[in-house]
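Q: Sharing a structure with you now.
The values are calculated or read from the model by the stated rules, or taken from the named source; none is laboratory data. Please read these numbers as outputs of a predicted model, since none were measured by experiment. Reconstructed Cβ throughout: ideal geometry from the backbone, glycine too, with neighbour counts over all protein chains shown. Just the protein is used for accessible areas: all its heavy atoms, side chains included, with ligands, DNA and RNA removed. Shrake-Rupley method; radii C 1.70, N 1.55, O 1.52, S 1.80 Å.
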Amino acid sequence: MMTGMINNIFFIIFPIVLYQMFAPAGKRNFFVSHRVTLTVLFSVSILLCMFFPYQFLTDDYIFDLRQVPMIVGALYGGPLVSAILFIVSALGRMVIGGDGMYIAILNQLLLAMGVPLLRPFYMRINRAGKVGFVFLITFLSFFFNLIAGYFLFGDPIHDLVDIWLLLMLNQGAITALAALLIEHILRQEYMLNSLMKHEKLETVSHFAASVSHELRNPLQSVKGFLQLMQEQEYSREKRLEFQGTMLEEIEAADQLINDYLLFAKPVQKQLEVLKVESEVEQVLKIMKPYAHWGKVEIRLAEFHGSAKILADKQKLHQALINIIRNGIEAMPDGGTLDIAIKERKNEVSIKVNDAGNGMTKEEIQRLGEPYFSTKSKGTGLGMMVTYSIIRQMGGEIQVSSEKGKGTSFTLSFPLV
């Protein structure tokens, strides 16, 4: 008896577990996205239960749990699934034949017709209510078999009521177990979909903050040049130089927008051979007005060499501007920002050293994380982008800092 019962339970639970294992995550919505697959699985479950029945307390009757997938399938699949499962179970029962065939088919017909009508109510109640509900359906099904056996075959009710009661509890428990397993999977899917939706919204939030942060760099440079032009009169040649630099910054902002618009479908940029010293000088030319406004002097150590790297020019500028800008802002009372270029055997390094507030070891380890910043109004997205850019170009970032004494950033790139 126990072996046959365990086999029937396995036939019922296995299709549900199999579906959970192989259905795509986020789409395990029973009988919605995979109606045909689940109908086939439940049909196989019904047939296996019927062809491998078991005896229960007496040798006069054999039983199976075919009604469990029928009830569960009708509740979660609706009328069409219920009709298909009825046809499968009726044909299987006709193949088996024997006494009680017509009662069994009639019982299955009533389940197939009645249970889908109860589906809207079933879907609205809580889990505890659903357990009681499937028990009630099981009770009514067994009660029908008991009454029909008495009227059609003269089976004595008082002799069979104990057996039918135990069968009802047995099948009701298995039906409740199958329903709870499906509810658990559905709840997991709901939580997974909610998490995915939250992550998408968070990504949009990070995306918007990152765009605004990165656009602030060229806008600050343009603002710095405009403030310089307002403070004093410059020669026409100098004004044209300022205007040219501002146009370059505006073009850089436009390029940033194009890059972020392609965020969802990244396109590999065309790398080019760049002379490190020239690129650093160009970045400093952009940042000097901002440094002047913050009372910070930028000093570039003399470099004797022609080190070249393979990089994306706009992104390299973006990373250097982020680091230099952070160094300037780390010295609110002014100071000196030292920059040095050093060439070794196979690499070149750009070292940016400020005399600002400095960082602890814990803060250094968290650099590059979204929304981590040592500044009161910082988002941390600038350093996140900087770290990403340097890694994409095959470079490395090393940071050393001491609280109250300043911070040193060293960017290393392989030489061409």
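Q: Restricting attention to segment 364-407, which residues are among the acidic types (Asp, Glu) and at pLDDT below 85?
A: The one that is among the acidic types (Asp, Glu) and at pLDDT below 85: Glu369.
Q: Moving on to the next point. What is the number of the single condition among (1) open to solvent by 30 Å² or more (accessible area, probe 1.4 Å); (2) at pLDDT 75 or above; (3) outside any helix (DSSP H, G or I) that Leu274 does not meet?
A: (1)
Q: Moving on. Would a scan of segment 4-11 turn up a residue that is more than 25 Å from Met113 (Cβ to Cβ), under 30 Å from the mean Cα position of the chain (by Cα), open to solvent by 60 Å² or more (accessible area, probe 1.4 Å) and at pLDDT 85 or above?
A: no
Q: Just to be sure I understand, how many residues within segment 31-49 are at pLDDT below 85 and open to solvent by less than 10 Å² (accessible area, probe 1.4 Å)?
A: So the count comes out to 1.
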